[in-house]
């Protein structure tokens, strides 16, 4: 891994705590990228590839697999730039049992696509039922429904480069109920016009936060309470100005209430990430700049195969971000707290410790949960919802059984307990 040793030890220790002392046996996959036969609606994806790890005993959380949707940038394709070690997902996928999906943007231009080969990311006119969100969500639904994969719906993540990063941010905001973690790489500020990327962003941080809520219809905003965000970009990016990434970070800080500094983490290959926590001390944001890198996906030395806008000389970002999202996922483990101490005036990390508090779990009927104050009744639907996360638990009665995991003061998520 490219992460500095102290950070690596901390992340490994936390994931070991969240998982079991023994690995979980899962149905092994082919350990190869397999092309999907469907195109998933209109607009139709040109193609999509799915990687299911061959490791039957990976390091997973709660015995379930995570799922990562990985979106390429403009002028790229899944097979030409993401799969077969180009984005370098394979080794971490095998280690952590993570399924990876790599689709190719629908062909042709449209009123909502700037050019062929780019995701239709631009502007603030997004919702849950149009544009490229349609085939991408259908693709996720199809893969997570496959019983042999054992995918945990609370461990679904999305990442992407450039226009794929912008689409990552759009989908993370449109579908916060789907995505526990959002990982854009060199993304324009959310809601930007296509021509805004070469100069400092015209969108304010507050506009980023407001747009993120608006494009899901303001109906799913409670899920932002348990979502995490991590962006990465090169200091020498001449296509999307680096300040756009900072603006996205600041907008998500507003949205998450993540205004407490968690210090910095340094990663070999030139990466420096500033970490941000919410009022509960939970890590919510990682904002990494890679010194000397241009506009590219940071695959690191473990990647191979060429491809445009892929960097093999700096940070191995998959080896940083997968342990980070596993350690800080608020929907399965309650998230970690990270404290970083910096020596003198340097930016190097000298001490990083990560801890997690075992979640308290309650298994009971929805009626009992409401009576105990762990959930509440939604009068208009007759259904119960978990306090804090507002996750739908099903009908409010004595027959519907649910396991709730307390991850904060009067904050509960639906989950399983070891």
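Any idea how many residues of the range 248-272 are in contact with a helix residue (DSSP H, G or I) (Cβ under 8 Å, 6 or more places away or on another chain) and within 22 Å of residue 168 (Cβ to Cβ)?
Adding up the residues that qualify gives 12.
Let's see how each residue does on (1) more than 22 Å from residue 145 (Cα to Cα); (2) touching a strand residue (DSSP E or B) at 6+ places or on another chain (Cβ under 8 Å); (3) at pLDDT 95 or above:
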| position | (1), (2), (3) |
| --- | --- |
| 1 | yes, no, no |
| 10 | yes, yes, no |
| 20 | yes, no, no |
| 71 | no, yes, yes |
| 92 | yes, no, yes |
| 103 | no, yes, yes |
| 118 | yes, no, no |
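Spot the failing condition for residue 186; the list is (1) farther than 20 Å from residue 318 by Cβ; (2) touching a residue at least 60 places away in the same chain (Cβ under 8 Å), and only one is missed.
(1)
Select, from 362, 367, 312, 396, the only residue that is at pLDDT below 85, out of contact with any helix residue (DSSP H, G or I) (no Cβ under 8 Å at 6 or more places or on another chain), surrounded by fewer than 22 Cβ atoms within 10 Å (Cβ to Cβ) and farther than 24 Å from residue 258 by Cα.
Sole residue among the options that is at pLDDT below 85, out of contact with any helix residue (DSSP H, G or I) (no Cβ under 8 Å at 6 or more places or on another chain), surrounded by fewer than 22 Cβ atoms within 10 Å (Cβ to Cβ) and farther than 24 Å from residue 258 by Cα: 367.
Is it the case, given these coordinates, that residue 230 is under 20 Å from residue 203 (Cα atoms), surrounded by 24 or more Cβ atoms within 10 Å (Cβ to Cβ), in the same structural domain as residue 203 (by TED's automatic domain parsing) and touching a strand residue (DSSP E or B) at 6+ places or on another chain (Cβ under 8 Å)?
So residue 230 passes the test.
Can you tell me which residue in the range 120-143 is farthest from residue 174 (Cα to Cα), limited to those that are in contact with a strand residue (DSSP E or B) (Cβ under 7 Å, 6 or more places away or on another chain) and at pLDDT 95 or above?
It comes out as 143.
Conditions first: (1) touching a helix residue (DSSP H, G or I) at 6+ places or on another chain (Cβ under 6 Å); (2) closer than 14 Å to residue 40 by Cβ. Residue 134 passes all but one, so which condition is the exception?
Exception for residue 134: condition (1).
Give the number of residues within the range 35-66 that are farther than 11 Å from residue 97 by Cβ, surrounded by fewer than 21 Cβ atoms within 10 Å (Cβ to Cβ) and more than 20 Å from the chain's Cα centre (by Cα).
Summing the residues that are farther than 11 Å from residue 97 by Cβ, surrounded by fewer than 21 Cβ atoms within 10 Å (Cβ to Cβ) and more than 20 Å from the chain's Cα centre (by Cα) in the range 35-66 gives 12.
The values are calculated or read from the model by the stated rules, or taken from the named source; none is laboratory data. All values reported here derive from a predicted model rather than from experimental measurement. We place every Cβ from the backbone using ideal geometry, glycine too, and count neighbours over all the protein chains shown.
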